[in-house]
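Notes for the one structure printed next.
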Amino acid sequence: MEQFTILPLFVVPCAFFLIFVFTQLSSIIPSNYQIFNESLLETITKMVDKKDHAFVGLFFGLFYLILLSNFIGLIPYSTTASTEIIITIFLALGTLGGIFIYAILRQGTKISYMFLPSGTPLALLPLMIILEIVSYIARTFSLGLRLAVNLITGHILVKIVISFVPSFVDNYFALASVFVFLTMFLALEILISYLQAYIFLFITLITLKDFS
């Protein structure tokens, strides 16, 4: 099996394990990890309408699934499903497509108003509906592409920097400079990995709120 088909099988149980640890190890005096999780859970709960609170756990797990996958890609000589464009696009299609199907089942034909800006002239109604649908599809694909492309770019830059290391073996100052730069860049990549997971979650929550 290819690496990008094996890694999701590894990431999913790890995400569920962290969620299990979060629910079992909560204490009155919270740790930094517990504060982070409670803040994340509160943010998701506030952004989701009460009638959709059944999806809070799903979105919480989705965030950890993407975050762990991003972090795995930071391990030297490893790869991750987050850098496979086909996987990130299908993740976006599955998430936003699922929200769209859920909205259709719940609202029926009323869902058409979501693709119809208020005040649109009658003659432009068909064109505006088509444009809004195309915009939604483009948003879905851009969500998957953004996640993969940002991580791929970071990984390429890290590999480029590492490729310079053999050239500076005899120059200790240059070698030290490369390692300092690499350390700073990896710290930035950790931040980017978190931000990409949060952006994916945020856009998903906004989409659900728009269709509510």
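The values are calculated or read from the model by the stated rules, or taken from the named source; none is laboratory data. The model shown is predicted, which means the values in this text are computed figures rather than measured ones. Cβ: placed from backbone, ideal geometry, glycine included. Neighbour counts: every protein chain shown.
Observations, loosely collected:
- Near pairs, Cβ below 8 angstrom, 6+ apart or cross-chain, from region 34-53 (surrounded by 10 or more Cβ atoms within 10 Å (Cβ to Cβ)) to any residue that is not in a helix (DSSP H, G or I): Q34/L25; Q34/S26; Q34/S27; E38/P30; D49/S212; D52/S212
- Residues in region 124-171 that are among the small types (G, A, S) and surrounded by 14 or more Cβ atoms within 10 Å (Cβ to Cβ): S142, G144, A148, G154.
- Residue check for V161: free of Cβ contacts under 8 Å to residues at least 40 places away in the same chain, over 30 Å from I86 (Cα atoms) and touching a helix residue (DSSP H, G or I) at 6+ places or on another chain (Cβ under 9 Å): no
- Only one entry in F141, F173 is part of a helix (DSSP H, G or I), farther than 30 Å from T88 by Cβ and among the aromatic types (F, W, Y), namely F173.
- For region 54-78, the set of residues classified as modelled with pLDDT under 80, among the aliphatic types (A, V, I, L, M) and surrounded by 11 or more Cβ atoms within 10 Å (Cβ to Cβ) consists of I72, L74, listed by residue number.
- Residue in region 172-212 that is surrounded by the most Cβ atoms within 10 Å (Cβ to Cβ), counting only those that are of a type in the set (F, W, Y) and either farther than 21 Å from F36 by Cβ or over 28 Å from the mean Cα position of the chain (by Cα) (or both): F211
- Residue in region 5-20 that is at pLDDT below 70, within 30 Å of I156 (Cβ to Cβ) and not in a helix (DSSP H, G or I) present: no
- Residue among L145, L124 that alone is closer than 25 Å to T43 by Cβ and not hydroxyl-bearing (S, T, Y): L145
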